[in-house]
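**Q** My structure is below; once you've seen it, I'll send some questions.
Just so it is clear, none of the values below were taken in a lab; they were calculated from the coordinates. Values in this document were obtained by computation on a predicted structure and should not be read as measured data. Heads up, the Cβs are rebuilt from the backbone with ideal geometry, glycines too, and the neighbour counts pull from every protein chain shown.
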């Protein structure tokens, strides 16, 4: 993909102002971020054509890590090269980071105000419903891609019977869900394994091509990194956030099952209740949902841990875009990449849904079950705003405190 000529390039100050505005007002996760970027780059400023913008969405959706952040970096790269990508990406990320660090300091203080704990407990109780809503919103498009990718989408007479690709879709989703619910530490291997399995199936079906499993030994490269994290400390924090930034597929919420077991059970940086609150903070603040890692970093090692977590979670995105943007056209046409995502994507959706089980088990008080039920009704049948659901749940938590209900950390 080509960039504008030097005489057409946008000033870095303009990029900083526009991307900073998106970073401040970007509540609502990736859909809101994409809408704001489109409004700025295509509609209002005319810096990109609609086709160029859609190509950017298609290419960044094929990359691991936070897709809306990568799209923000890519759009700024289109305007001013690597310098523009760095400035745009940072201005998109940093406003939310500042807000979430301030809230983390309040929430994770040694003796936080009970009103803060109550609001966090209420918002945290809604998080399992948010996970289910995130998963269900991803299912229809992913299911259709599996059908079209198999060729059945081109055949009107194919009927409603699932294709072999859709049957594999169900198997991958089930695998991700089971791993997220029962075996969180190996979830990243499960996501990669499902992706590689789909590549292998499609390679095996090609005449004279039976090399689909060649890539499987690459999973062994994850061993040393995971082993280095075994001692805990900053190395463990780096490994957990690296998984989020470089090895996650399927949208921002997949970071939750990737982190939960490590954060709560393995390294004990937070309690289950605090982890629910951390997820809620990542959802109600502007900017990328992946900024949730900053709350975890703050819990593990204070401000230095938050900075480390943020850097490691987002550096892969800068590397993928700035180092590979010129090859995005080839990436979009690569059948192996598409096959990998046809396996890893459903597994990620299943993992997001499966994470609702351990998230729900972290709820400690009966009144929180009522908040969860209300949030589920708001998000699932009604399909309303996640931010409104979490803010409303926080208000209900505060009301529970006023009524004398138990509040814990």
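**Q** Going by the alpha-carbon gyration tensor, a ≥ b ≥ c the square roots of its eigenvalues, is segment 60-110 rounded (a/c under 1.5) or, if a/c is not under 1.5, prolate (a/b greater than b/c) versus oblate?
**A** In terms of gyration-tensor shape, oblate.
**Q** OK, next. Could you state the orientation-averaged shadow area of the convex hull built on the Cα atoms of segment 348-409, in nm² to one decimal?
**A** The Cα convex hull of segment 348-409, projected and averaged over all directions, gives 4.8 nm².
**Q** Apply the Kirkwood formula to segment 6-93: the hydrodynamic radius equals the inverse of the mean of 1/r over all pairs of different alpha-carbon atoms; give it in Å with one decimal.
**A** About 12.6 Å for segment 6-93.
**Q** A further question follows. Which length gain, in nm to one decimal place, applies between residue 114 and residue 334 when the Cα-Cα distance is subtracted from 0.36 nm times their residue separation?
**A** Taking 0.36 nm per residue and subtracting the Cα distance, the gain is 73.9 nm.
**Q** Build a GNM of the chain with springs between Cα atoms under 10 Å: which of 359, 303, 276 gets the top mean-square fluctuation?
**A** Comparing 359, 303, 276 in a Gaussian network model of the chain, the most mobile one is 303.
**Q** By the gyration tensor of its Cα atoms, with a ≥ b ≥ c the square roots of the eigenvalues, what is the shape of segment 281-329: rounded for a/c under 1.5, prolate for a/b over b/c, or oblate?
**A** Judged from the Cα gyration tensor, segment 281-329 comes out oblate (a/c at least 1.5, b/c at or above a/b).
**Q** Now for a different question. Arrange the following residues from fewest to most other Cβ atoms within 10 Å of their Cβ: 256, 363, 139.
**A** Least crowded to most crowded, the residues run 139, 363, 256.
**Q** What spacing in nm lies between the two simple spin-label points modelled at residue 160 and residue 385, each 7 Å away from Cα in the Cβ direction?
**A** In this crude label model, residue 160 to residue 385 measures out at 3.5 nm.
**Q** Take the eigenvalues of the Cα gyration tensor for segment 229-351, scale each by 5, and report the square roots as semi-axes in whole Å, largest first.
**A** 27, 16, 13
**Q** Also: To the nearest whole percent, what portion of all C-alpha pairs in segment 308-372 is separated by more than 16 angstrom?
**A** Of the Cα pairs, 71 percent sit more than 16 Å apart.
**Q** Now a separate question. For segment 273-409, I need the span (max minus min coordinate) of the C-alpha atoms along each principal axis, in Å, sorted largest to smallest.
**A** Cα spread of segment 273-409 along its principal axes, largest to smallest: 60, 39, 23 Å.
**Q** Compare the peptides 369-377, 340-348, 280-288, 399-407 by average per-residue count of other Cβ atoms within 10 angstrom and give them in order, highest first.
**A** Highest to lowest by the protection proxy: 340-348, 280-288, 369-377, 399-407.
**Q** May I ask for the equivalent-ellipsoid semi-axes of segment 247-299, computed as the square root of five times each C-alpha gyration tensor eigenvalue and listed largest first in whole Å?
**A** Over the Cα atoms of segment 247-299, the semi-axes work out to 17, 13, 9 Å.
**Q** Can you pull the Kirkwood radius for segment 41-83, inverse mean 1/r over Cα pairs, to one decimal in Å?
**A** 10.6 Å is the Kirkwood radius here.
**Q** Rank-order 378-391, 20-33 by packing density, defined as the average count of other C-beta atoms within 10 Å over each peptide's residues, highest first.
**A** Result, highest mean first: 20-33, 378-391.
**Q** Along each of the three principal axes of the Cα atoms of the chain, give the extent in whole Å, ordering the values from largest to smallest.
**A** That works out to 68, 53, 46 Å along the principal axes.
**Q** Let me ask something else about it. With a ≥ b ≥ c the root eigenvalues of the C-alpha gyration tensor of segment 1-154, is it rounded (a/c under 1.5), prolate (a/b larger than b/c) or oblate?
**A** Oblate, because a/c is 1.5 or more while a/b does not exceed b/c.
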